[in-house]
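Right, one structure below, let's go through it.
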Amino acid sequence: MLGSNSKLAATEGPTSAMTITETGGDPRTPEEPDTTGLDDDHAPPAGGTATIALIASEAGVSIPTVSKVLNGRTDVAAVTRARVEEVIDRYQYRRRRGRTPSGPGLIDLVFHELDSAWAVQIIKGVEEVAGPERAGVVLSELGGAHRPRQEWLDDVLARRPRGVILVLSDLDPAQRRQLETRSIPFVVVDTAGEQPPGVPTVGSANWAGGLAATRHLLGLGHKRIAVISGPVDVLCSRARIDGYRTALDEAGVTIDPALIRYGDFFVGGGYKHGMDLLDRPDRPTAIFAGSDFQALGVMRAARELGLSIPEDLSVVGYDDLPVTEWIGPPLTTIHQPLQEMAATATRMVLALARGEVPTNQRIDLATELVVRESTAPPRAV
């Protein structure tokens, strides 16, 4: 488990290096010192005529100052930096991607939160692709936020990685422009919200997953089915609830708003909402939890209230983490291909770094119902 100010380096086999840092960390690519005012930054970028010299003249600063801004150096006054960024944006300056690095480079991997087995599956998927490419992986955690601070972005500009992968996190328009002007590609995994056109994203079929989980419970004979999804401001949370609603609608089951809850994807959220839902006279006979961790919280709440699973309560999770096979009873869940999602995003960001144009900007991988022992027909009344 990472500490609150962790910063460490570790090697994973002979092919890849991994650096873990909080958002204030500053690992630099070992192969490249600061390159103030080199020729590639003076040359016109593809598709434009702006040069560093022109940017400097328009902003009323020196060429080295523009280079410092482009390289994410912090020794530039905020007012000056903003003025330079405005000119860069106005002229649609793009740093040329053609320069060949002397080493394999880095991939920045950004999580909104890192302390779960869910994140480990994502990391494994990234390493699956980054390892053979001999690319180092820099991990950053946003402390639960869905958007990084500017300090993080300054560090990324200084590192000049081959690309950035954002997991359940996002960039604001100004941050996206800063990466685009430096020709640093980025891909969003399991996007927190709707992305503007042109932003590459990789996710899974969340609506279909919610639909399949609820249909399974309906097929067993359940009518009073609750759902505990993730945060209301996260797109996949809302999509899973939309699938739940659709399944109930097509079965002709009235939707009870009191049975629809937004949690936090963690055990505590499942436990809290589970206790509230189950400690009532009209309790549900089944609960669809929007994550496996929330399902674990629901199962603990049920045990504390003297309810047996699946005899008194059926529970369905979401993600199909490895632990779900070993808990008692083994958890029925929706398999979300987390490692494949991360590997796909990594291949996409590396392709973008090579100047390739992806065939699809949005990729949603299929989800699948995995039936184990935590669901059964409701007890006869």
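Read-outs: derived from the displayed coordinates by stated rules, not from any lab. Fair warning: this is a prediction, and the values are worked out from it, not measured in the lab. As a convention, Cβ positions derive from the backbone with ideal geometry for all residues, glycine included, and neighbour counts pool all protein chains shown.
So here's what we get for this one:
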read-out: Aspartates and glutamates with Cα under 17 Å of K272, excluding same-chain neighbours fewer than 8 positions away; value: D264, D292, E304
read-out: Where GluC sites (Glu not before Pro) fall in DSSP loop in the range 347-381, at most 13 other Cβ within 10 Å; value: E356, E373
read-out: Extension gain from R379 to T359, taking 0.36 nm per residue of separation minus the Cα-Cα distance; value: 2.2 nm
read-out: For T80, net neighbour charge (Lys/Arg +1, Asp/Glu -1) across residues whose Cβ lies under 12 Å away; value: +1
read-out: Loop-located trypsin sites (Lys or Arg not before Pro) in the range 116-149, at most 15 other Cβ atoms within 10 Å (DSSP); value: R134, R149
read-out: Interchain or long-range residues, amide H under 5 Å from V138's placed H; value: T19, I107, D108, L109
